[in-house]
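J.: Below is the structure I would like to discuss, written out as structure tokens.
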Amino acid sequence: MTSPTSTYAAWRRLSGRPGGTRLFSAAAMARVPYFASVLPHVVRMEPGLAEVRVPKWFMVYNHLHTVHAIAACNAAEVAMGMLMEATVPGTHRWIPKAMTVHYLEKATTSLRARAQLEPPDFTQITDGPDGFELVVPVTVTDRSGTEVVHADITTWVTPVG
């Protein structure tokens, strides 16, 4: 990929160092404070793939003492955002546009959100009134690997210009 985003460049600098993924995750929470409520730990980030772990802790409990629905959505959105930052070249920008979520099971443990897709050819996304919609599927699983939430997050991609 040419001209990676500053976020992906930071990941590449930090992720191979001891404590680097934790430092990167803390920096991501500082940049997007809303995500701090779920304490995301970015554990994998590369073009077409990102994985984020979210602990089960009292700030994400609902009245059933399971992870509440919006916390699972936040986990999915962090994973999608990390995937997009690693996938979309610096010549383009992206923004979330829509999110379709299916709550499949009770989330009784910590979670793992995994976003994965085959990257498009960004050279085909050119100037003009129309951008490009890219749907990022995200699976959110519990510790046993059961998918508890599935999200399809539609992003809008346009050239920087």
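J.: Among the residues of the stretch 86-114, which ones are touching a residue at least 60 places away in the same chain (Cβ under 8 Å), within 19 Å of Val67 (Cβ to Cβ) and not aliphatic (A, V, I, L, M)?
T.: Answer for the stretch 86-114, where residues must be touching a residue at least 60 places away in the same chain (Cβ under 8 Å), within 19 Å of Val67 (Cβ to Cβ) and not aliphatic (A, V, I, L, M): Arg112, Arg114.
J.: Could you please find all residues in the stretch 115-125 being among the acidic types (Asp, Glu) and free of Cβ contacts under 8 Å to residues at least 40 places away in the same chain? Steps first, answer last, please.
T.: Within the stretch 115-125, the subset among the acidic types (Asp, Glu) is 118, 121.
Of everything in the stretch 115-125, just one residue is among the acidic types (Asp, Glu) and free of Cβ contacts under 8 Å to residues at least 40 places away in the same chain, namely Asp121.
J.: Scan the stretch 137-161 and report the pairs whose first residue is more than 13 Å from Ala76 (Cβ to Cβ) and touching a residue at least 40 places away in the same chain (Cβ under 8 Å) and whose second residue is surrounded by 14 or more Cβ atoms within 10 Å (Cβ to Cβ) and aromatic (Phe, Trp, Tyr), with Cβ atoms within less than 9 Å and a gap of 6+ or a chain change.
T.: Trp156/Trp94; Trp156/Phe132; Val157/Trp94; Val157/Phe122; Val157/Phe132; Thr158/Trp94; Thr158/Phe132; Pro159/Phe122
J.: Could I ask something else about it? Tell me yes or no: at least one residue of the stretch 106-129 is surrounded by 14 or more Cβ atoms within 10 Å (Cβ to Cβ), aromatic (Phe, Trp, Tyr) and part of a strand (DSSP E or B).
T.: The answer is no, given that none of the residues of the stretch 106-129 is surrounded by 14 or more Cβ atoms within 10 Å (Cβ to Cβ), aromatic (Phe, Trp, Tyr) and part of a strand (DSSP E or B).
J.: Residue by residue through the stretch 60-70, note down the ones that are surrounded by fewer than 24 Cβ atoms within 10 Å (Cβ to Cβ), aliphatic (A, V, I, L, M) and either touching a Lys or Arg at 6+ places or on another chain (Cβ under 9 Å) or farther than 18 Å from Arg112 by Cβ (or both). Don't jump to the end; show me each part of the working.
T.: First, the residues of the stretch 60-70 that are surrounded by fewer than 24 Cβ atoms within 10 Å (Cβ to Cβ): 60-66, 68-70.
Within this subset, residues satisfying the condition of being aliphatic (A, V, I, L, M) are 60, 64, 69-70.
Correct list: Leu64 only.
J.: Also, quick follow-up: Filter the stretch 82-105 down to the residues that are among the β-branched types (Val, Ile, Thr) and not in a helix (DSSP H, G or I), then identify the one that is surrounded by the most Cβ atoms within 10 Å (Cβ to Cβ).
T.: The initial filter retains those residues of the stretch 82-105 that are among the β-branched types (Val, Ile, Thr), namely 87-88, 91, 95, 100-101.
In the following step, the residues that additionally are not in a helix (DSSP H, G or I) were identified as 88, 91, 95, 100-101.
Values: Val88: 23, Thr91: 14, Ile95: 10, Thr100: 11, Val101: 17.
The residue in question is Val88.
J.: May I ask you to verify whether Ala79 is small (Gly, Ala, Ser) and surrounded by 13 or more Cβ atoms within 10 Å (Cβ to Cβ)?
T.: yes
J.: Of all residues in the stretch 33-42, count the ones that are in contact (Cβ under 8 Å) with a residue 40 or more places away in the chain and either surrounded by fewer than 19 Cβ atoms within 10 Å (Cβ to Cβ) or touching a Leu at 6+ places or on another chain (Cβ under 6 Å) (or both).
T.: Qualifying residue count, the stretch 33-42: 1.
J.: Kindly indicate the residue of the stretch 104-129 that is within 15 Å of Arg93 (Cβ to Cβ) and at pLDDT below 85 and also nearest to the chain's Cα centre (by Cα) among those meeting that condition.
T.: My answer is Phe122.
J.: Can you tell me which residue in the stretch 130-159 is farthest from Pro89 (Cα to Cα), limited to those that are more than 20 Å from the chain's Cα centre (by Cα) and assigned to a loop (DSSP other than H, G, I, E, B)?
T.: In the first step, residues of the stretch 130-159 are kept if they are more than 20 Å from the chain's Cα centre (by Cα); the result is 130-131, 144, 159.
Keeping just the survivors that are assigned to a loop (DSSP other than H, G, I, E, B) gives 130-131, 144.
On the way: Asp130: 18, Gly131: 15, Ser144: 35 Å.
Among them, the one singled out is Ser144.
The values are calculated or read from the model by the stated rules, or taken from the named source; none is laboratory data. Computed from a predicted structure; not experimentally measured. Ideal geometry is used to build each Cβ from the backbone, glycine not excepted, and the neighbour counts take in all protein chains shown.
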